[in-house]
Every structure is written in structure tokens, then in C-alpha cells.
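Scroll down for the structure; my scribbles are underneath it.
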Amino acid sequence: MEEGLSSEILSNPQTEYTKLLIAAVPSVETRGYRLSSIKREKLPERPQTFGKLLIEAKDISKTFDGRHGSVVRAVDHADFELRAGQTLGIVGESGSGKSTLARIAAALIDPDDGEVLLEGDKWSGIKEVARRKRRHLIQVVSQDPLASFDPRYTVSRIVEEPLLSELSRRERRKRVQHALDLVRLPQSVYDLSPRQLSGGQSQRIAIARAIVTQPHVLVADEAVSSLDVSIQAQILDLFADIQAETNIGILFISHDLGVIYHISDFVLVMKDGRIVEKGTPQKVLVHPEHEYTASLLAALPKLPRSSVLQGSNN
Ligand SMILES: Nc1ncnc2c1ncn2[C@@H]1O[C@H](COP(=O)(O)OP(=O)(O)OP(=O)(O)O)[C@@H](O)[C@H]1O
Ligand SMILES: [Mg+2]
């Protein structure tokens, strides 16, 4: 489409295509705007205050047995809260404990110490039967959706799966239709196998399947990490739209600081299982107090991108 010196292409791209690719990179500048457009379209306004308390994690710790009899402190005395309509971003290097914290929040594993409450009631450290009735309230979207789909099933069957046995057939159809509409998948894919779809479409199916039970909490663990930047942009816009429409609380995990800045209302930075810094994205990722956060920021490559976005004046 275009070729030239990297500095020139990046600061002054000539084709719409390159402009779109550059505009899709999430950063401090893109917050509040759609990433999948170069027209500086605003995302739905973020609420000033958030809704009811969905998840309270109090003083959570979790260790695993490591190699040669060592002990890995995967999560070490972590506290956080998630409210309705809020996106809580968790960032940190590989092995810092993000997924372990997410799995504890979703009650896929129990903490060794501390407790998790879901809408005020005990969620960790109880029998699975005691959780079953509330399971639909919290859903997980992970990095590799294809691996979790049954290849024999069609798209609509995959999305319907979490609903089976619970509701009437008609009600299930309605919910599946609504979920597929919300993730903007066209009817033409409903009867296909997930293997016939692209990575971006697969991630839309995973999100549809997660929201079909009308959960109050969505846990997205590196949910955009394997997508290229333009598809990632569409999926990040989609999360914002779904949240504006459903007021869902999102626990959003990523190792990508730009993504975390773009999407989060509140940020936790993890290192060696501990939350070393927390606050608004502005405070944490623009004016960090902790040297670990500062070192993550210093390692971030910068794009000369402001000339790309229409409506920006430099
Ligand atoms: N089931 C397990 N058994 C043993 N050790 C584990 C287990 N799960 C996680 N760990 C260890 O706990 C630590 C935290 O892992 P975790 O997967 O939570 O990190 P992460 O921040 O999600 O990393 P990544 O960015 O690579 O996904 C790591 O040292 C990991 O090796
Ligand atoms: Mg992880």
C-alpha cells in the first residue's frame, strides 16, 4: 500500500489504510475515542461515579508449589473493588499474578487467604453448589477462544451453550440473537463452524457467549492480545459499547499499557503477586509513583501519531 522511511510513514502516512492502522494503536491520546476510525469519533461518555459494588477482593493471597520444592507467591495480599459500569485494568509483566487474581475473582480457584465477595455475598471459600446459582453473574473471556469452542458446534450453538436446560427454547433463541447483535456478528455466520471464522470473529463469538447469560461482571484476560492492531481496535470499541449498553463491570487484564490506559477507569499494577500501584490511568500511567510502573512506561515504544488523527491540531 505504501513504503518509505519508518519515521515518515508513521508521522505522515499517505493512504487511508496506513492512517487507520496507526489510529488503531491505543494510547494516552486515544482515550475516549473510537480506535476503529480515524474520524475522532467519541466513545460513549464514561460515568463520573459507578454503580453498585460487584466484586470485593480483600487481602487475597495464593501460592503454588514451584520447582524443586520452592513456593511461588502468585498473589500476595491483594485488595481491589469492581463496580457496575466500571472497567478495572490490571497490568504487569508476565508471571506477575494477573491471571491468578482473575481466576480467583471468577472463583475458578480459591485463594489461600483473604476473601472475595460477589455483590456483598461470600464468593470464595464456599462449596461450588453454593455458587452455582450465581455463576451466570460472572463470565470470562480469554485469549484463545477457538481452543474452548467445540469444533462440531455452529456459532449459534456455541453462544447458546451456557444457557442450555435453563430457559425455554424461544427465550434461548432471543438471548442468543441479542448477544450476537451486541457483538455485531451478521446472521450469515450463525450456522458456520468457528473454524471458518477469523480471529476477530472468534473473539466476538467468545464475547457473545460470555454476555448471553447477562452477567454483571466480565473478566477479560488478555482478550485482545493475540489480535492484530486493527481487529484489536474493533474489539476494544466493542467492549466500550457493550459496557455503555449493559452497565457491566469489566476486569480487564493486559500486559499492554496503551490498551490499559485507553480502556480503564481505574488501574492496578502488579509485580511478583503484589499490587504495587493503583489509581486512575492518568495518575498511574502518566504520573507513576512506583519505580516499577515508571520502568514499564520507559520501555514503551512511542509512535509519532498525532498528525494522523483528524481534529488534532499538531
Ligand atoms: N497452576 C499453577 N501451578 C503452579 N504455578 C502457577 C500456576 N498458575 C500460576 N502459577 C505461577 O504463578 C505466577 C503468576 O502466574 P500468572 O499466570 O497469574 O501470571 P500472569 O501475570 O497472568 O502472567 P502472563 O502475563 O504470562 O499471563 C507465575 O510464577 C506462575 O508460574
Ligand atoms: Mg496471564
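The values are calculated or read from the model by the stated rules, or taken from the named source; none is laboratory data. Everything quoted here is computed from the prediction, not taken from an experiment. Note: ideal-geometry Cβ built from the backbone for every residue, glycine included; neighbour counts use all protein chains shown. The area values use the complete protein model at the heavy-atom level, side chains included, leaving out ligands, DNA and RNA. Shrake-Rupley method; radii C 1.70, N 1.55, O 1.52, S 1.80 Å.
Observations, loosely collected:
- Top-ranked residue of the range 23-33 - restricted to ones that are modelled with pLDDT of 90 or more and open to solvent by less than 50 Å² (accessible area, probe 1.4 Å), ranked as nearest to the chain's Cα centre (by Cα): 26
- Qualifying residue in the range 49-64 (condition: modelled with pLDDT under 95, farther than 24 Å from residue 111 by Cβ and not basic (Lys, Arg)): yes
- Identity of the residue in the range 54-91, small (Gly, Ala, Ser) and out of contact with any strand residue (DSSP E or B) (no Cβ under 8 Å at 6 or more places or on another chain), that ends up nearest to ligand 1 (Cβ to nearest atom): 70
- Test result for residue 108, within 13 Å of ligand 2 (Cβ to nearest atom) and open to solvent by 20 Å² or more (accessible area, probe 1.4 Å): yes
- The number of residues in the range 139-187 being closer than 27 Å to residue 253 by Cα, aliphatic (A, V, I, L, M) and without any contact (Cβ under 8 Å) to a residue 40 or more places away in the chain comes to 5.
- Qualifying positions in the range 112-146 - within 15 Å of ligand 1 (Cβ to nearest atom), within 19 Å of the chain's Cα centre (by Cα) and open to solvent by 40 Å² or more (accessible area, probe 1.4 Å): 140, 142, 143, 144
- Pairs where the first residue, in the range 79-103, is small (Gly, Ala, Ser) and the second is near ligand 2 (Cβ under 9 Å from one of its atoms) and open to solvent by 20 Å² or more (accessible area, probe 1.4 Å), C-beta under 6 Å, 6+ apart: 99/221; 102/221
- Among the residues of the range 22-53, those identified as in a loop (DSSP other than H, G, I, E, B) and touching a strand residue (DSSP E or B) at 6+ places or on another chain (Cβ under 8 Å) are 32, 34, 40, 41, 43, 50, 51, 52.
- Here residue 276 fulfils each of the conditions (1) in a strand (DSSP E or B); (2) surrounded by 20 or more Cβ atoms within 10 Å (Cβ to Cβ) apart from (2).
- The set of residues in the range 49-79 being within 16 Å of ligand 2 (Cβ to nearest atom) and either among the aromatic types (Phe, Trp, Tyr) or surrounded by fewer than 14 Cβ atoms within 10 Å (Cβ to Cβ) (or both) consists of 64 alone.
- Of all the residues in the range 92-111, those that are out of contact with any helix residue (DSSP H, G or I) (no Cβ under 8 Å at 6 or more places or on another chain) and more than 6 Å from ligand 1 (Cβ to nearest atom) number 7.
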